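J.: My questions all concern the structure below.
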Amino acid sequence: MIGDFFSATGSLLSIVFSASFIASAIAFSVVMLFGTVGELITERAGHLNLGVEGMMLLGASMGYFAAVRSSSLFLAILFACVGAGFGALLYAILTVTLRVNQNVAGLALSIFGAGLANSLGSKVSNTSTPDNIAKIFKLKPFSLSSPSGPFLTFINKAFLSHNIYVYVAVLVAVVATVFLFKTRAGLELRLTGENTAAADASGIKVTRIKYFYIILGGMLCGIGGLYLPLVQQGSWTSNMTAGQGWLVVALVIFVRWHPIKAIAGAYVFGSLTILGFSVQLNERLSSIPIFNQYIMSMFPYLLTVVVLIAFSFRKKAWPGPKEIGRPYFREER
Amino acid sequence: MEPNIRKDTQPAFSMRGITKIFGAVVANEAVDFEVLPGEIHALLGENGSGKSTLMNVLSGIYRPDEGQIEVNGEIKDFRSPGDAIDSGIGMIHQHFKLAEAMTATDNIVAGMKKPPKNSIKKDDVLRANILRYASRSPSKTHPKINEFSSRFGIEFDPSIPASQLSVSQKQSVEIIKVLLRGANILILDEPTAVLTPQEAKKLFTVLRKMASQGCAIVFISHKLNEIMTLCDRVTVLRKGKSIETCNVSDIDAYDLVEKMVGRKINLSINKPDPDPKKQVCLEVKGLTYSDSKAVPKLDNLSFTTHYGEILGVAGLAGGGQKELCESIAGIIRPQQGEIMVDEERITGLSPRDITQKGVAMCFIPEDRLGMGLVASMGIDENILLKEYALTKGPLIRMKDVETKAEKIIKELDIKTPGLKHPVRMLSGGNIQKVILGREIHLNPKLMIAAYAVRGLDIHSSYTIYNLLNEQKQKNVSVLYIGEDLDVLIDLCDRIMVLCQGKNMGIVDSSATTKEEIGQMMSGTTLEELRRGVSYV
């Protein structure tokens, strides 16, 4: 019995630390990394946007539609930004200007965005990513041509053999960190999310800031969503984000509103997502009930629940930007 | 001190015919107000007279419905606080506008504009230097901020989070924040409300220094003695209108009150003698409480109150007053110590049991409506909140409650269209009378009145003082937690001073001074004071 346990753990570890598993976990975390950084920026402005799922789908469908019709990568990304940014703009109008409840507005955006995206996506559901674009993402710009020794081979396979989209996602997280903590504009954004009235009284244009970062955050979610049809799957499926937008909302809490930590956070969630597939391929493990395919696919969501519960216990340590959920009205008495 | 203002100078700013309407409330009606450079100008008025509204208009937070603002002779139309800052206007709000989680430096530099390039003005160079490093390496800006602050005699540590600064340090951060933005018109909204007398004196020195450097300073207050000592001129507002502007040297406090209230008011509290028997009502022994973040709030606190006496509690905001009240009322459980009423232990009992033992509490929180009343219910139902527990059977007899409500309305002279009228629609003074009336009618042995006059105008405050004195004459033991030291001395028989949850000593109000209490509030015990040791 104990021997079984050790050998099962052994095979699980050998899967998790294999170069091919790490490589695919990284590839699977791209969507969530973009989404987390985007949502994090939005929340730093004091707005909780629950519409991530909707914005991801809007970005994915609009971008993929543009890609299929124009075969232009530039237009694909542009339209992903336009689609998701449009959703975020609606959210901003509702919550910043009209001061509607942020949760309600976000939920509405999620449902509305998914509906609009699916109807647009159905127009391109039978096509695949145009060859010229697919070719760009087949390139592995940092891959070593002839790695020497087992260590370099491992590194090469796990970390260096990715397409450019993956590295851009990491770069975005790094840039967002520097921006938030090392620039004046980042300071203004953080102050707005911590105390909007104080920011306003300090001469910061808070409405402009909120609109700008809500839309920017939405665009990042859209670019993340576009990865799914354009690169990962190469075709469109309805609701293809499959709840990743909701995981992102928990991930932002998990990484404590810190973009550099989002890289690790997204990786953890990405690896949980694909752990199920990998385990299925292993005969030893797939016979153990707990590694049942359906249970495995539950793991990311289970972790989300755990994260939220753990957070509620430690809420006092740092509850995140204080203004989240509070509408700001300057002339309030 | 001779005011260093010249009558022929152009005003630093002038506001003419300012009208601001909120829904049905006219907060400002055709107000005229102007201040000269180098002058400290008091803006005096009761609560709700429109002082803060007027200054919020000047600082760009509210847009006036009518009227015009001129700064240094130029007509301005402020669309945001940023516009007002650009015109050199800086406002220190009563409730500080600081992000608690961020450092003083971050709070100061966020939103600061770059000075014009290649400017050789000393301040511009300093500003450019502060901004250059502000976000990249804040530690390089700290000495620069210190250098700037020391010019005005202000000191604080720019590197620590705002949440760890004392109230007066937070105020300093706010002042430096607006001064670094180049403000030469400074508005302070009730700046001394949260300070000890010593800190207030220090602030006055700072303000005088700034005025002597040419700043125009607006000092909002309803404390007459401060206005008489600090200010050059005073403008009185009443019910949203500007009544008069005059030199402080030409007027005395009584005239000012009359202008402010609109009629003569007797400013002395009629203090009956305490019951000489000194029977103990409440006894608190070694009370210790730390909140959920393990911050100590009450520290081995012991004292007794007597029947037929008002015991005052003085202390800075957050000195443990709230926790003391809540421990006695059974809302929080102290980790150590005992509370006895009539030699009977009440620690550990539920709030309702404690009420039945004769303890009544009226606590007025900062937002005045947050605690004790249900804002959308009428007076009758709010009275019922405490009453229902004492009635028998499952049904409520509304009739009795209504009779009682009518009685309270009549006795306390509460102005309401009817007893079913939601209390949130009443004025602050009337709301507070409802709470007090409800508690008085429970015929308590011990009455805790915490911040009972918070935000009330002079007239209503005196009504409340009289009500408390009536209770004292009925041999009730009153625990009065207050903010205004003058009132504490005039109203209470003895005053206990709290500092960080510790009892600094209990003084006899007829044998103490504001300064003495102030020193105790900032951490000197009575013993040390009497021995002649002082840290302030």
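The values are calculated or read from the model by the stated rules, or taken from the named source; none is laboratory data. All figures in this text were calculated on a predicted structure; none of them were measured in a lab. Ideal geometry is used to build each Cβ from the backbone, glycine not excepted, and the neighbour counts take in all protein chains shown.
J.: Is it the case that some residue within segment B:216-237 is farther than 18 Å from B:Asn146 by Cβ and in contact with a Gly (Cβ under 6 Å, 6 or more places away or on another chain)?
T.: The answer is yes; a qualifying residue exists.
J.: Being at the interface with another protein chain (Cβ under 9 Å from one of its Cβ atoms), in a helix (DSSP H, G or I) and not basic (Lys, Arg) is true for just one of A:Ala173, A:Ala169, A:Ala158, A:Ala197. Which residue is that?
T.: Going through A:Ala173, A:Ala169, A:Ala158, A:Ala197 in turn, just one is at the interface with another protein chain (Cβ under 9 Å from one of its Cβ atoms), in a helix (DSSP H, G or I) and not basic (Lys, Arg): A:Ala197.
J.: Here's something else I'd like to know. Exactly one of (1) under 20 Å from A:Lys261 (Cβ atoms); (2) more than 14 Å from chain B (Cβ to nearest Cβ); (3) surrounded by 17 or more Cβ atoms within 10 Å (Cβ to Cβ) is unmet by A:Leu116. Its number?
T.: (1)
J.: In segment B:456-472, how many are charged (D, E, K, R) and not in a loop (DSSP other than H, G, I, E, B)?
T.: So the count comes out to 2.
Residues are listed down the side, and each one gets a yes or a no for (1) in contact (Cβ under 8 Å) with a residue 24 or more places away in the chain; (2) under 30 Å from A:Leu120 (Cβ atoms); (3) at the interface with chain B (Cβ under 7 Å from one of its Cβ atoms); (4) crowded, with 24+ Cβ neighbours inside 10 Å:
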residue: A:Ala185; (1), (2), (3), (4): no, no, no, no
residue: A:Lys205; (1), (2), (3), (4): no, no, yes, no
residue: A:Gly222; (1), (2), (3), (4): yes, yes, no, yes
residue: A:Leu226; (1), (2), (3), (4): yes, yes, no, yes
residue: A:Gln232; (1), (2), (3), (4): yes, yes, no, no
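J.: Of B:Ser163, B:Ser49, which residue is of a type in the set (Ser, Thr, Tyr), assigned to a loop (DSSP other than H, G, I, E, B) and under 32 Å from the mean Cα position of the chain (by Cα)?
T.: B:Ser49
J.: Step by step: first the residues of segment B:145-167, then only those that are aliphatic (A, V, I, L, M) and closer than 16 Å to B:Asn107 by Cα, then the one that is surrounded by the most Cβ atoms within 10 Å (Cβ to Cβ). Which residue is that?
T.: Residue satisfying both the conditions and the ranking: B:Ile145.
J.: Can you give me the number of residues within segment B:57-87 that are of a type in the set (Gly, Ala, Ser), away from every other protein chain (no Cβ under 12 Å) and in contact (Cβ under 8 Å) with a residue 60 or more places away in the chain?
T.: Qualifying residue count, segment B:57-87: 1.
J.: Out of all the residues in segment B:39-86, which are of a type in the set (Gly, Ala, Ser), over 25 Å from B:Lys239 (Cβ atoms) and surrounded by fewer than 22 Cβ atoms within 10 Å (Cβ to Cβ)?
T.: B:Gly73, B:Ser80, B:Gly82
J.: Let me ask something else. In segment B:9-31, which residues are surrounded by 23 or more Cβ atoms within 10 Å (Cβ to Cβ), aliphatic (A, V, I, L, M) and more than 14 Å from every other protein chain (Cβ to nearest Cβ)?
T.: Of everything in segment B:9-31, those that are surrounded by 23 or more Cβ atoms within 10 Å (Cβ to Cβ), aliphatic (A, V, I, L, M) and more than 14 Å from every other protein chain (Cβ to nearest Cβ) turn out to be B:Ala12, B:Met15, B:Ile18, B:Val31.
J.: Follow-up. Quick test of your reading of the structure: A:Gly217 fulfils all but one of (1) part of a helix (DSSP H, G or I); (2) at positive phi. Name the failing condition by number.
T.: Only one criterion in (1) part of a helix (DSSP H, G or I); (2) at positive phi is unmet by A:Gly217, namely (2).
J.: Go through segment B:140-160 and give me each residue that's part of a helix (DSSP H, G or I) and within 14 Å of chain A (Cβ to nearest Cβ).
T.: Hit for segment B:140-160 is B:Lys140, nothing else.
J.: Working only within segment A:47-75, note down all residues that are buried (at least 21 other Cβ atoms within 10 Å of the Cβ) and of a type in the set (S, T, N, Q).
T.: A:Asn49, A:Ser61, listed by residue number.
J.: Can you pull out the helices (runs of 4 or more DSSP H) entirely within segment A:1-99 that have at least 1 residues that are in contact with a Gly (Cβ under 9 Å, 6 or more places away or on another chain) and modelled with pLDDT of 95 or more?
T.: Correct list: A:19-44, A:52-70, A:73-92.
J.: So which residues in segment B:321-349 are under 14 Å from B:Lys445 (Cβ atoms) and part of a strand (DSSP E or B), if there are any at all?
T.: B:Ile339, B:Met340, B:Val341, B:Glu344
J.: Kindly provide the set of residues from segment B:93-104 that are more than 7 Å from chain A (Cβ to nearest Cβ) and either small (Gly, Ala, Ser) or buried (at least 24 other Cβ atoms within 10 Å of the Cβ) (or both), ordered by number.
T.: If the condition is that a residue be more than 7 Å from chain A (Cβ to nearest Cβ) and either small (Gly, Ala, Ser) or buried (at least 24 other Cβ atoms within 10 Å of the Cβ) (or both), then B:Ala104 is the only one that fits.
J.: What is the number of the single condition among (1) at pLDDT below 95; (2) facing another protein chain (nearest Cβ under 10 Å); (3) part of a helix (DSSP H, G or I) that A:Thr192 does not meet?
T.: Failed condition: (1).
J.: Any chance you could count how many residues in segment B:105-139 are part of a helix (DSSP H, G or I), within 13 Å of chain A (Cβ to nearest Cβ) and without any contact (Cβ under 8 Å) to a residue 12 or more places away in the chain?
T.: Number satisfying all stated conditions: 2.
J.: Being surrounded by 19 or more Cβ atoms within 10 Å (Cβ to Cβ), touching a helix residue (DSSP H, G or I) at 6+ places or on another chain (Cβ under 9 Å), under 30 Å from B:Glu344 (Cα atoms) and modelled with pLDDT under 80 is the requirement here; does B:Glu387 meet it?
T.: Yes.
J.: Give me the pairs: first residue in segment A:123-149 and among the acidic types (Asp, Glu), second residue at pLDDT 90 or above, beta-carbon distance under 9 Å, and six or more apart or on different chains, which are they?
T.: Matching pairs, first to second residue: A:Asp131/A:Ser71.
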